[in-house]
Each structure stands twice: as structure tokens, then as C-alpha cells.
Amino acid sequence: MSLSKDVSEKIFFIVNNKIRIREITNIYRTILSFKREIEYPIKKKPYYFPYLFQIQTVNQCNGSCLMCPNKKIKSKKPEKMSDELFKKIIQEIVKESKTTLVLLYLQNEPLIDDELFQKIKLIKKLSNDVIATSFITNGVLFNDKKIKELIESKNDYVYFSIDAFTEETYNRIRQGVDFKKLQFNIDKILNTSYKKNVYVEFVVQRDNILEYKKFVQYWKKKKVPVLVNYITNRSGDLDDYNELSLKNVEISKVQRLKSLLYKKIIKCCHIPLSCFNILYNGDVILCCNDYSHKLVLGNVKTQSIKEIWNSKKYQEIRRLLYEGSYEKIPVCRNCSTLMEKN
């Protein structure tokens with residue numbers, strides 16, 4: 001039985017605002033996302049509104065990481081999303097759904113935006129603190145002022161991309177950013193009231209695989225949850241993918257089992273069913289991994305989120321994905337994740 005919009009939003013409000021238990025809200029969001037993926041093959045249409053938003057408020061990054069295509073497109077002009085457009089986006093999200101997670105990160109370093117925490121405060125204000133917010137950062141731009149703003153903003157989660165246990169490996173993978181500065185900033189935040197909202201991320205690849213266990217053990221002792229991902233070719237935009245990625249035999253049995261089960265049950269990428277990706281200029285791209293912006297589905301300056309999400313163009317892409325016709329979609333035809341599922 002599917003939950004009605006009103007019932008699901010009331011449950012989310014009670015869990016997220018009354019009990020405030022992070023683990024329960026995470027489980028609830030996971031169930032909502034998985035529910036969409038299970039229902040789509042039956043209903044042949046998506047849920048009426050996205051579950052996860054990734055919003056790029058600035059288009060710049062201060063790092064040059066091996067597994068990121070940004071390193072080859074550094075020459076792009078610095079741009080920032082207008083306050084007017086950002087407010088328009090958030091107003092529609094608030095109007096349509098409270099069971100939403102807004103990730104203020106998309107192919108960039110969010111802390112470059114000096115108004116990042118004011119934007120988070122706006123989301124909280126317009127949604128009466130119901131909508132969850134988060135961002136992923138390399139962490140080196142934090143300072144006392146930004147840490148204070150982070151705490152005051154009531155942001156729900158912050159994820160630190162680290163990908164290494166030693167400074168030597170970090171400097172090889174995440175070039176242009178400072179390992180000691182990152183560690184200093186995380187420790188400083190962990191000594192504040194915000195400590196329970198901190199996660200660290202490890203993208204497994206050939207250069208760091210030997211440090212994976214030590215990394216997990218180190219952060220476990222600090223009581224910081226670890227998010228583990230595997231490197232992808234960023235829908236074909238990462239030129240060095242074959243040199244950086246692991247061979248199948250190097251991937252853990254648990255990860256391979258998860259991938260197999262997902263293939264059997266879902267049979268499709270979850271992104272077109274749950275995620276909505278908005279660039280600084282309002283362009284909507286299908287996938288967060290599409291760094292060259294091969295497929296633009298609309299623009300939220302002149303269209304509503306709901307209109308773009310339910311458009312014939314978007315629905316045709318979902319149909320092709322479920323048929324396994326990846327080669328007909330520019331973003332998907334070279335995606336390493338989809339090729340593994342096929």
C-alpha cells in the first residue's frame with residue numbers, strides 16, 4: 001500500500017522535528033527512495049516530485065582531484081546562482097513536498113559560496129525547519145566564522161571528502177587542497193555541538209585501496225560515520241578512469257553482492273526516479289556525473305521543477321533506461337555504473 005502525500009509528510013515531520021533521531025530519519029528517507037524504484041516498473045510513471053535535490057550555487061572548486069573531471073575544465077568562468085532564482089527553487093520545493101533532502105553541492109566546492117549558510121537558513125525558514133539540508137565539502141575553506149555559521153544554520157549533515165588515511169596518499173589524489181588544514185577543521189567541528197552531524201567520505205580507487213581499513217578504523221574511533229563509494233567514470237567525462245579504477249577482483253564481495261541484488265530487483269539507475277540536479281544558471285541536468293552537461297532537460301528560470309520532472313522528455317529517458325537502451329541517452333551510454341549493471 002502506498003502512502004498518501006499528506007500522511008508521508010506528517011510522519012516525516014514528526015520524526016524529523018519531534019524526535020530528532022538522525023538514524024530514524026535516514027532510514028525513512030531510504031525507504032521513500034527505494035519505494036519509488038520498486039513502484040516505477042508497475043506504474044510506468046515516476047513519483048510526482050523529486051526526493052533529492054542537488055543545487056549548484058557556485059560553479060567553482062578549489063581542488064583538482066584525480067577522480068573528478070573538474071580538473072580539466074578549470075578555465076570556466078566563475079558564476080553564482082542569483083538569490084532570486086535560488087528562492088524560486090526553494091519556494092516550489094516547500095510548496096510541493098516536505099519529504100525532501102536539499103544537497104547544496106553539485107560538481108563544485110560549496111564553501112566557495114560566502115552566502116551558503118544564509119541559503120541554508122532560508123530553506124529552514126521557508127520550510128519551518130522541515131526540509132533537510134546537507135552539503136559535501138573538501139573542508140579546507142572552513143574557518144572560525146564559517147564553523148559558527150554552520151552551527152547557527154541548523155544544517156542537518158556535512159560530508160567531508162577525504163579519500164585517504166595518510167597525507168602522502170591524500171596529496172596524490174586530492175591535489176590543490178591541504179590535508180593538515182582539513183584534519184584541523186574536522187577536529188575543531190567535532191569539538192562543537194555539531195559533532196553528531198559530521199560524516200566522512202572515502203571513494204575507493206586504485207591509489208587508496210590499501211588504506212581503506214585504516215581509514216574506517218580511524219574514524220570509527222572518533223565516532224564519525226564513514227560513507228564509502230567506488231570511483232565511476234563520471235558518465236564518460238573522467239578520462240583517466242581505467243588507470244584509477246579497481247579491477248573487479250579488488251572490489252569487496254559485499255559490494256559485488258549489493259550490486260547483483262540491485263540489478264535483480266531494481267534493474268535501473270535510481271537517479272531519474274529520485275534526483276533533480278540544478279546548475280547555477282537554472283539548467284537541469286539528468287545526472288550529477290554529467291560534468292560536460294551533455295543532456296539539459298529544462299531550465300527552472302522559465303519552467304517549474306514539476307513541469308520538467310514530469311515532461312515527456314524526462315519520461316522517455318526513464319523508459320529507455322528500464323529497457324536497457326543506455327546507448328540512446330548521451331549521459332548514460334558511457335556510464336561505468338550502468339555498464340556494470342548491464
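Data overview
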{"item": "Global form of the range 286-342, assessed from the alpha-carbon gyration tensor, a/c cut-off 1.5", "result": "oblate"}
{"item": "Approximate spin-label separation PHE184-LYS148, in nm, with each point projected 7 Å along Cα-to-Cβ", "result": "1.8 nm"}
{"item": "Gain on full stretching of the segment that runs from ARG319 to THR192 - 0.36 nm per residue minus C-alpha separation", "result": "41.0 nm"}
{"item": "Label-to-label distance, nm, for residues given as ASN128 and ILE73 (7 Å Cα→Cβ offset)", "result": "4.0 nm"}
{"item": "Prolate/oblate/rounded label for the range 33-151 (Cα gyration tensor, a/c 1.5)", "result": "oblate"}
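Any read-out appearing in this document is the output of simple, stated calculations on the displayed coordinates, not a laboratory observation. The model shown is predicted, which means the values in this text are computed figures rather than measured ones. Reconstructed Cβ throughout: ideal geometry from the backbone, glycine too, with neighbour counts over all protein chains shown.
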